[in-house]
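Trainee: To start, I am sharing the structure in question, which I have written as structure tokens.
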Amino acid sequence: MKRLRIFFLNHLSCYINSLADALCQLGHSIYYQTSWEMREIEAGISYFKPDLLITVGIDKPMFHPSLDVIPDLCHKYGLLHIYWATEDKIHFDGISVPFVRRVKPDIVWTIHPECVKKYQNMEIGSAYLNFAFNPRMFSPKSENPAEIYDVSFIGTTHLETRTFRYDSLKQLLFPLIQAEVEVGVWGNNWLESKDFLEIEFGASIPPHRFHGYISYKNTSDIYHKTKIMLGVQNAVDQVSQRTFEILGTGAFMIASRTEELERLFEDKKEIVLTSSQEETLELVSYYLKRPEERMLIGRQAREKVLSNHTFSMHLQNILPAIDKPLGEKRRARRW
């Protein structure tokens, strides 16, 4: 398809360095707009003269009333607006739908296939775009890595809504904490949530195990230096983006057993799955002693991700569908 000029309106590194960078690798021109000041946004659109506006997910600035002018800007400049709904399906009703009704995108890409029909019923074009892997962002783990961490987990608490994440944390992280396994934790809100964690999970994160916030660009360094990464999941029928990133580097992962992980990856070949606290402890003890098995499973995981789960691959499948609505917008464009 024709190379596009894309105005990417988002300030989060995890989206700029995944979806946006993958579009850049496909040859499209990207204008990154991280400011949410409407005057600056319109100035950027007027200067760059894009074909397409892409917004992603949700964060505090996106609740600001000023975003209500986005539909007017798209109409004024003849822009096709695509929203990537990364909070589906868990927050479809609470986050995705209210935001979509406010900013009125022409098309919604959703990370859950069941939501495609729901958006179409709202008379919004929709397609399935799952989380995936950007190889340019995450280099492969070396054959002889300096693994200084036994077990690592990277992630924010994200316990505001009771989801499968509670079960996954109970299966993976907290039995290791209680057994005093050397597990390192990176992310936000763990120490601040000490009292809640002790009530809910029977343990909290010891300060000497907590390493604080880590930037998105530096997460791969932890994957490379860790013997066992923990793959905490938010839902049984979805896979987190971090899962693809960890496996894509060739790191070894133990994750909660879910129907979606079993569909996408082969247990004991590309990933190791657990169903209980007891099984987690047994698996960690077993694989900490077997570096050759860990490295083999990690290499096979990377091969699977590169073959089936990259952003570039997924985008090439869905981008042709925007040709017709894009043509209609171009005919109404000011430039």
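Trainee: Which condition breaks for His208 when tested against (1) over 22 Å from Asp221 (Cβ atoms); (2) of a type outside the set (A, V, I, L, M); (3) in a helix (DSSP H, G or I)?
Mentor: Condition not satisfied by His208: (1).
Trainee: Could you pull out the residue among Glu292, Glu262 that is within 26 Å of Asn130 (Cβ to Cβ), out of contact with any Cys (no Cβ under 9 Å at 6 or more places or on another chain) and without any contact (Cβ under 8 Å) to a residue 24 or more places away in the chain?
Mentor: Glu262
Trainee: Same structure, new question: Yes or no: the stretch 44-55 includes at least one residue that is in a strand (DSSP E or B) and under 22 Å from Ser240 (Cα atoms).
Mentor: Yes, that holds for at least one residue.
Per-residue answers, yes or no, for (1) in a helix (DSSP H, G or I); (2) closer than 28 Å to Ile228 by Cβ; (3) open to solvent by 50 Å² or more (accessible area, probe 1.4 Å):
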| residue | (1), (2), (3) |
| --- | --- |
| Arg263 | yes, yes, yes |
| Glu278 | yes, yes, yes |
| Arg294 | yes, yes, no |
| Ile297 | yes, yes, no |
| Ala301 | yes, yes, no |
| Asn317 | yes, no, yes |
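Trainee: Output the residues belonging to the stretch 219-251 that are part of a loop (DSSP other than H, G, I, E, B), in contact with a strand residue (DSSP E or B) (Cβ under 6 Å, 6 or more places away or on another chain) and surrounded by 22 or more Cβ atoms within 10 Å (Cβ to Cβ).
Mentor: Result: Gln233, Ala251.
Trainee: What are the pairs, 6+ residues apart or on separate chains, where a residue within the stretch 26-47 that is on the phi < 0 side of the Ramachandran plot has its Cβ under 8 Å from a residue that is acidic (Asp, Glu) and open to solvent by 50 Å² or more (accessible area, probe 1.4 Å)?
Mentor: Going by the 8 Å Cβ cut-off, the qualifying pairs are Gln33/Glu40.
Trainee: Can you name the residue in the stretch 175-212 that is touching a residue at least 60 places away in the same chain (Cβ under 8 Å) and among the hydrophobic types (A, V, I, L, M, F, W, C) and, of all such residues, is surrounded by the fewest Cβ atoms within 10 Å (Cβ to Cβ)?
Mentor: Ala179
The values are calculated or read from the model by the stated rules, or taken from the named source; none is laboratory data. Computed from a prediction, not measured in an experiment: that's the story for all the values here. So basically every Cβ, Gly included, is an ideal-geometry build from the backbone, and we count neighbours across all protein chains shown. For the accessible areas, the whole protein counts, side chains as well, though only heavy atoms, and no ligand, DNA or RNA atoms are used. Shrake-Rupley method; radii C 1.70, N 1.55, O 1.52, S 1.80 Å.
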